[in-house]
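Shown next, in structure tokens, is the structure this report addresses.
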Amino acid sequence: MDVQEVLRFADEMVFAKTGEHLDDLQKAILLGVWEGQKYSQIAETSYCSEGHIRNIASKLWKRLSNVLGEEVTQSNLRSALERQQVFIVSSNFGNDFLHIGNVNVCKDSQSPEVPKDRSPSTPTSDTSKPQTRLDLADAPHISSLSDRTSELATLEKWIVQEKCNLAAILGLSGIGKTALSLHLIQKIQHNFEYVIWRSLGHSPPLETTLKNLIQFIANQYPPNPPLPRGGEEGFLPSSIPERISLLMEYLRKNRCLIILDDVQAILSSGQLAGNYRPDCENYSILFRQIGETTHNSCLILNSWEPPREITALKGENSPVRTLQLKGIGVAATEIFRQKSLLNPEQWENLINTYRGNPLWLKIVATTIQELFRGRVAEFLKYDMLFLGEELAATLHPQINRLSELEKKLISQLSREVNPVSIEQLLQDADLSPSELFNGLQSLGRRSLVETEEQENETLFNLCPVVRQYVILNPVC
Ligand SMILES: Nc1ncnc2c1ncn2[C@@H]1O[C@H](COP(=O)(O)OP(=O)(O)O)[C@@H](O)[C@H]1O
Ligand SMILES: [Mg+2]
């Protein structure tokens, strides 16, 4: 390992485990110690005192010990890092240049679970040295998470204990799908040999996504057939069905956790929820194969709405599950604390109005901080539901993509003062029963309507923020 590899390796390991990168001084200490310098020499070249260097170094060794699962000190740094197997891969995927460092970040020595149907002859990694190859190059920075304990536990149960094939995390923009799945990775990654994060935010064609996934796995583990020469383009099967079957072979032979973020970008606008964009229709074949066939891996999809086969395949006893994320409730007070808001007795009111959506609450908390120096009571005094440009901008693409039928229905719902029954809606809206059922179901799948049960009847409503948006920005 050369010194730059060491730095990158250590930085990526720490980042994958803690969400924080090494700072310049920590890197200088690492470099100095790797090259055999004393603390006094590092202090001189870093223009600070030896005591300060000792102090920072001691914290750094603790952090690395934690990440590597063995004690790291000034004297054993080299051997400790060398014991960890490092895989540095440089891949050039078309225009999309990726530099991926993949490291074993299994803090504890738990082995990846033995896959369901792995045959003894299957080429696999050395089980005496469990390794998780992470590719989070496409993932955003991980930040702190308030609560979500029960959601993390549910997902862990589905994915690790019950070995489900596909889990979709659904909810409005800002509700915390990305943040939750990043924390889930930290929690369960040691159960997998490969963890790969990809964003579908730019609606990549299926063949590009398949190429990306296949090349990562093939490059990481050379014995994986049939990409013997590092997965260059020429060795990839050219047809989509062949690429899908190659990926499925990898998913059977290895335990892979694949996270696809922003899946709504491959779904269509102007239609009911869950339909694909015409150029992305074939993702449906991939999701169906992963959801329906037997393998040892799991695909997590983060999306505003479930792709249509997910809705069809999901079930309590099915290998396909969906988790519709709700707001974070009182845990959001942590956001207010961080923004130094005042009048804590009013916080619950604010959380309810904005339905515990962490992004909405962060935006509103910033406004309260900037205009009222944090005085929540003064903000609430105006008795109007403030959206502001920033919050409205997060809702705009979600409302804009609705079908005409849903737009008609959401307009009607924004005019209803109280929650309404289907019977009432049939009277108020100019829609046939089947149009109404389709529209309500689709808005529900997009998390845009709320329901409550009352006297054997389901009542439908818009959440206050969505209602306000539709009132201020009429959709039809
Ligand atoms: N449980 C949480 N506690 C605190 N902040 C959160 C939580 N979940 C999400 N956030 C923050 O809210 C914002 C939106 O979260 P994100 O995961 O990007 O939402 P989504 O992927 O659903 O659009 C981010 O700034 C994120 O850090
Ligand atoms: Mg997201």
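Taken together, the residues in the stretch 420-438 that are touching a residue at least 40 places away in the same chain (Cβ under 8 Å) and within 19 Å of Ile399 (Cα to Cα) amount to 1.
Could you tell me whether Ile217 is away from ligand 1 (no atom under 16 Å from the Cβ), buried (at least 23 other Cβ atoms within 10 Å of the Cβ) and farther than 22 Å from Glu151 by Cβ? Criteria met by Ile217. Taking every residue in the stretch 260-288 that is under 14 Å from Ile240 (Cα atoms) and outside the structural domain of Gly439 (by TED's automatic domain parsing) and pairing it with any residue that is at pLDDT below 95 and within 16 Å of ligand 1 (Cβ to nearest atom), at least 6 positions away or on another chain, yields no pair with a Cβ-Cβ distance below 7 Å. Looking at Asn343, is it polar (S, T, N, Q), surrounded by 18 or more Cβ atoms within 10 Å (Cβ to Cβ) and more than 16 Å from ligand 1 (Cβ to nearest atom)? Spelling it out, Asn343 is indeed polar (S, T, N, Q), surrounded by 18 or more Cβ atoms within 10 Å (Cβ to Cβ) and more than 16 Å from ligand 1 (Cβ to nearest atom).
Could you grab me the full set of residues in the stretch 157-191 that are out of contact with any Cys (no Cβ under 6 Å at 6 or more places or on another chain) and more than 16 Å from ligand 1 (Cβ to nearest atom)?
Lys157, Val160, Gln161, Glu162, Lys163, Cys164, Asn165, Leu166, Ile188, Gln189, Asn191
Exactly one residue out of Pro344, Pro397 is more than 27 Å from the chain's Cα centre (by Cα) and at pLDDT 95 or above: that is Pro344.
The residue of the stretch 445-459 that is farthest from the chain's Cα centre (by Cα), among those that are among the hydrophobic types (A, V, I, L, M, F, W, C) and closer than 20 Å to Gly356 by Cβ, is Val449.
Would you be able to say whether some residue in the stretch 440-452 is surrounded by fewer than 18 Cβ atoms within 10 Å (Cβ to Cβ) and either among the basic types (Lys, Arg) or in a helix (DSSP H, G or I) (or both)? Yes, the stretch 440-452 contains at least one residue that is surrounded by fewer than 18 Cβ atoms within 10 Å (Cβ to Cβ) and either among the basic types (Lys, Arg) or in a helix (DSSP H, G or I) (or both). Just wondering, is there one or more residues in the stretch 278-288 that are under 20 Å from Pro204 (Cβ atoms), among the charged types (D, E, K, R) and in contact with a Ser or Thr (Cβ under 6 Å, 6 or more places away or on another chain)? No, every residue in the stretch 278-288 fails to be under 20 Å from Pro204 (Cβ atoms), among the charged types (D, E, K, R) and in contact with a Ser or Thr (Cβ under 6 Å, 6 or more places away or on another chain). Of all the residues in the stretch 349-377, those that are among the small types (Gly, Ala, Ser) and in contact with a Gly (Cβ under 7 Å, 6 or more places away or on another chain) number 1.
Per this entry, Ser303 is not counted among residues that are hydroxyl-bearing (Ser, Thr, Tyr), more than 16 Å from ligand 2 (Cβ to nearest atom) and either surrounded by 14 or more Cβ atoms within 10 Å (Cβ to Cβ) or outside the structural domain of Asn191 (by TED's automatic domain parsing) (or both).
Here's the yes/no breakdown for (1) in contact with a Leu (Cβ under 7 Å, 6 or more places away or on another chain); (2) in a strand (DSSP E or B); (3) more than 16 Å from ligand 1 (Cβ to nearest atom):
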{"site": "Gly291", "(1), (2), (3)": "yes, no, yes"}
{"site": "Leu299", "(1), (2), (3)": "yes, yes, yes"}
{"site": "Ala331", "(1), (2), (3)": "no, no, no"}
{"site": "Phe336", "(1), (2), (3)": "no, no, no"}
{"site": "Asn352", "(1), (2), (3)": "no, no, yes"}
{"site": "Gly356", "(1), (2), (3)": "no, no, no"}
{"site": "Glu370", "(1), (2), (3)": "no, no, yes"}
{"site": "Gly374", "(1), (2), (3)": "yes, no, yes"}
{"site": "Glu389", "(1), (2), (3)": "no, no, yes"}
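With respect to Gln324, is the statement that it is surrounded by fewer than 24 Cβ atoms within 10 Å (Cβ to Cβ), closer than 20 Å to Gln441 by Cβ, in contact (Cβ under 8 Å) with a residue 60 or more places away in the chain and within 16 Å of ligand 2 (Cβ to nearest atom) true? Here the answer is yes, as Gln324 does meet what is asked. Considered as a group, the residues in the stretch 169-201 that are away from ligand 2 (no atom under 16 Å from the Cβ) and either among the aromatic types (Phe, Trp, Tyr) or assigned to a loop (DSSP other than H, G, I, E, B) (or both) include one that is farthest from Leu361 (Cα to Cα), and that residue is Glu193. If you go through the stretch 1-19 and pick out every residue that is farther than 18 Å from Trp197 by Cβ and not in a helix (DSSP H, G or I), you end up with 2. Reported count of residues in the stretch 237-248, each being within 25 Å of the chain's Cα centre (by Cα) and surrounded by fewer than 19 Cβ atoms within 10 Å (Cβ to Cβ), is 1.
Could you list all residues from the stretch 370-423 that are under 20 Å from Gly174 (Cα atoms) and buried (at least 18 other Cβ atoms within 10 Å of the Cβ)?
Passing the criteria: Leu387, Leu391, Thr394, Leu395, Gln398, Ile399, Arg401, Leu402.
For the stretch 145-161, residues that are away from ligand 2 (no atom under 15 Å from the Cβ) and either crowded, with 22+ Cβ neighbours inside 10 Å or in contact (Cβ under 8 Å) with a residue 24 or more places away in the chain (or both) total 9. Of everything in the stretch 304-329 that is of a type outside the set (S, T, N, Q), part of a helix (DSSP H, G or I) and under 22 Å from the mean Cα position of the chain (by Cα), the residue that is nearest to ligand 1 (Cβ to nearest atom) is Gly329.
Gln264 meets each of the listed conditions (1) part of a helix (DSSP H, G or I); (2) touching a helix residue (DSSP H, G or I) at 6+ places or on another chain (Cβ under 8 Å) apart from (2).
The values are calculated or read from the model by the stated rules, or taken from the named source; none is laboratory data. All figures in this text were calculated on a predicted structure; none of them were measured in a lab. Here Cβ is always computed from backbone atoms with ideal geometry, including for glycine, and neighbour counts include all displayed protein chains.
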